[in-house]
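Take a look at the structure below.
The values are calculated or read from the model by the stated rules, or taken from the named source; none is laboratory data. For clarity, every value in this text was computed on a predicted model and none was experimentally measured. Note: ideal-geometry Cβ built from the backbone for every residue, glycine included; neighbour counts use all protein chains shown.
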Amino acid sequence: MSVIQELYQITEALYREVQKQESKDNREEQIERINKLLEDRQNLLDMRLQPPFNEEENKLGQRMVQLNQVIDSQLQKILADIKMDIKELKVKKAKSTMYSNPYESLSMDGMFFDKRN
């Protein structure tokens, strides 16, 4: 099997992995699988990719470029979901803190104390 065919198989596996709609509970395992596939693909690219390529390998390369565009957009979507979850977690944490100690963040600005006795 040529290097291009191996790269294509890894790229297809990566494409299938990012297309899966994982729940928040399984997201960490999905990210680990994606990282493993990306590392494998990068190792192949670094080690053994040598031109010239035949016509079949050129077609596989063009297909990999198309798949990679979809993979990039899906990875951006996963990143946006993670950022949104982090933001929601920060809001929940702040609200939880406010609920446990509601008077902690009161400011004294603009208050008037009457000193008449």
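Can you name the residue in region 10-32 that is surrounded by fewer than 12 Cβ atoms within 10 Å (Cβ to Cβ) and acidic (D, E) and is also nearest to L79 (Cα to Cα) among such residues? It comes out as E28.
You will find that of I82, I31, the residue that is β-branched (V, I, T) and under 13 Å from E17 (Cα atoms) is I31 and no other. For S107, the conditions (1) modelled with pLDDT under 85; (2) within 30 Å of Q5 (Cα to Cα) all hold with the exception of (2).
Mind listing whichever residues of region 33-86 are free of Cβ contacts under 8 Å to residues at least 40 places away in the same chain, under 15 Å from L14 (Cβ atoms) and surrounded by 13 or more Cβ atoms within 10 Å (Cβ to Cβ)? Result: R33, K36, L37, L38, D40, R41.
When E6, E22, E32, E12 are screened for being within 23 Å of K83 (Cβ to Cβ) and part of a helix (DSSP H, G or I), only E32 passes.
Could you say whether any residue in region 66-74 is out of contact with any Lys or Arg (no Cβ under 8 Å at 6 or more places or on another chain), at negative phi and at pLDDT below 80? The answer is no, given that none of the residues of region 66-74 is out of contact with any Lys or Arg (no Cβ under 8 Å at 6 or more places or on another chain), at negative phi and at pLDDT below 80.
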